[in-house]
């Protein structure tokens with residue numbers, strides 16, 4: 001008797017299983033949709049924000065440029081007009097408004113280069129930095145102080161007064177030498193030879209980042 | 001959080017070990033459900049046993065529904081899942097050849113290895129056949145290469161290429177599956193029962 005009852009119930013087992021599948025699938029359709037959090041987690045962003053690697057100084061950058069470190073990619077986030085007026089050597093112009101364009105992504109979303117973002121100060125560059133960080137792009141840095149700082153420290157370094165420590169003089173010597181490298185001429189130089197150094201613009205090609213796929217299959 | 005391996009929660013080095021463990025379980029389940037018998041697989045084509053169709057269709061559905069629920073709850077990111085790349089004509093022609101092998105031999109590559117493990121002679125012959133096929137394919141690869149690498153569509157899914165809402169797609173897919181189960185049951189009842 002009990003067996004018969006069990007058999008009677010079990011006769012519907014496939015129907016019940018099919019019903020469960022339909023209900024679960026229908027549930028997916030009916031569930032309220034919500035906007036997913038795109039990009040990296042807030043905690044990750046915060047740790048990037050407070051990371052000391054975020055900013056690089058103009059002196060550090062000048063050193064890298066003078067030594068022709070190939071791993072640095074400079075990106076000018078100012079508008080095209082400012083870019084054409086003056087920019088850092090071999091910089092690429094990606095105006096802040098065009099940051100999310102497809103062409104820009106090729107330069108920003110890669111892990112071959114250390115990217116240095118800069119603008120006149122570091123305000124717009126910081127904004128670009130945040131946006132790119134949210135998109136989980138790697139190796140991003142901001143030039144501290146931007147082009148203004150670059151001009152004040154590298155191109156037109158302040159001569160230290162006599163009561164300053166030796167280290168300030170060393171820094172000044174370095175900056176002066178760097179400025180000569182970037183094409184600034186000093187009066188004492190004029191007597192010798194007037195050679196304008198032309199630094200050829202490098203064409204920087206960027207390979208698209210390949211995502212290593214996990215292999216799978218039957 | 002997930003998928004676990006692309007996000008580095010499980011390191012890449014564990015890939016092979018996990019594959020072996022899953023393979024053992026998969027093989028065990030295949031054997032335990034009688035899939036190592038070529039008659040069971042051939043039954044789909046002759047219409048006396050649709051277990052294979054039901055099992056694989058249900059497995060796909062359960063995985064699909066489960067995955068999208070996990071995605072909804074934030075445990076897995078579906079967009080990070082590995083999608084096998086589509087080489088359209090290669091897949092079509094390869095599918096036809098595999099289907100022919102399926103009907104004539106009564107095994108799929110997975111079940112044939114299962115059947116070898118329990119010592120079926122037909123499966124041993126079948127696996128030798130696979131090896132010969134692999135050998136011929138590798139030696140004549142330069143002939144097949146244009147087909148093998150041609151008509152590449154990228155890592156697309158049906159949802160991408162049809163451009164429909166994945167949730168509705170899953171629902172429709174579920175309905176299709178259940179209808180196909182019902183139809184296959186009707187076909188099976190009409191056929192003469194075969195004992196094997």
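Let's test the formula: R0 of 51 Å, r as the Cβ-Cβ distance of residue A:80 and residue B:192. What FRET efficiency results, to the nearest 0.05? Walk me through the numbers before you get to the answer.
Numbers: r = 80 Å, r/R0 = 1.56.
My answer for the efficiency is 0.05.
Computed over the protein assembly as shown, the per-residue total of -39500 (n - 2.57) for DSSP H runs of n ≥ 4 gives a 222 nm mean residue ellipticity of -17000 deg cm²/dmol, rounded to 500.
Once the Cβ-Cβ distance of residue B:152 and residue B:59 is raised to the sixth power relative to R0 = 22 Å, the FRET efficiency obtained is 0.20. Under the criterion of Cα pairs below 8 Å and six or more residues apart, the relative contact order for chain A equals 20 percent. Binning the C-alpha pair distances of segment A:1-110 at 10 Å intervals from 0 yields a P(r) profile of 10, 20, 22, 11, 8, 10, 8, 6, 4, 0 %, listed from the shortest bin outward.
Peptides A:88-100, A:4-16 ordered by packing proxy, namely the average of other Cβ atoms within 10 Å per residue, highest first: A:88-100, A:4-16. Shown here is the pair-distance distribution of segment B:41-106: with all Cα-Cα distances grouped in 10 Å bins from zero up to the longest one, the shares run 18, 30, 33, 18, 2 percent. Using the Cα coordinates of chain A, the gyration tensor eigenvalues translate into equivalent-ellipsoid semi-axes of 60, 18, 15 Å, sorted from longest to shortest.
Defining a contact as two alpha carbons under 8 Å apart and six or more residues distant in sequence, what relative contact order in percent does chain B show?
Working: 147 pairs, mean separation 60.3, N = 196.
Relative CO of chain B lands at 31 percent.
Per-residue shielding of B:71-82, expressed as the average number of other chain Cβ atoms within 10 Å of the residue Cβ, stands at 2.
Enclosing the Cα atoms of segment B:102-196 in their convex hull gives a volume equal to 179 cubic angstrom per residue.
Going by how many other Cβ atoms sit within 10 Å of their own, how do B:38, B:151 line up, fewest first? Present the calculation step by step, with values, prior to reporting the outcome.
Working: B:38 21, B:151 13.
Result, fewest neighbours first: B:151, B:38.
Residue by residue along A:16-25, Cβ atoms of other protein chains within 10 Å of the local Cβ number 5 on average.
Taking the Cβ of each residue in A:117, B:64, A:45 as the centre, tally the other Cβ atoms inside 10 Å and list the residues starting with the fewest.
Details: A:117 26, B:64 18, A:45 15.
Lowest to highest Cβ neighbour count: A:45, B:64, A:117.
Using only the C-alpha atoms of segment B:1-130, find the volume of their convex hull and express it per residue in Å³.
Working: hull volume 18.1 nm³, N = 130.
Taking the convex hull of the Cα positions in segment B:1-130, it is 140 Å³ per residue.
Using alpha carbons only, how many degrees (0 to 90, rounded to 10) separate the axis of helix A:13-30 from the longest principal axis of chain A? Its long axis makes an angle of about 30 degrees. With the simple model of a label 7 Å out from the Cα in the direction of the Cβ, residue B:12 to residue B:179 spans 4.4 nm. Every Cα-Cα pair of segment B:85-154 was included, and the share exceeding 21 Å stands at 36 percent. Result for chain B in a Gaussian network model with C-alpha springs under 10 Å: among B:66, B:106, B:43, the largest mean-square fluctuation is at B:66.
Counting only the Cα atoms, the protein assembly as shown fills a convex hull of 239 Å³ per residue.
Can you sort B:87, A:186 by how many other beta carbons sit within 10 Å, fewest first? Walk me through the intermediate numbers first.
Working: B:87 18, A:186 9.
Lowest to highest Cβ neighbour count: A:186, B:87.
Only the coordinates and a few stated rules stand behind these numbers; no lab work does. Computed from a predicted structure; not experimentally measured. Neighbour counts are summed over all protein chains in view; Cβ atoms, including those assigned to glycine, are modelled from backbone coordinates with ideal geometry.
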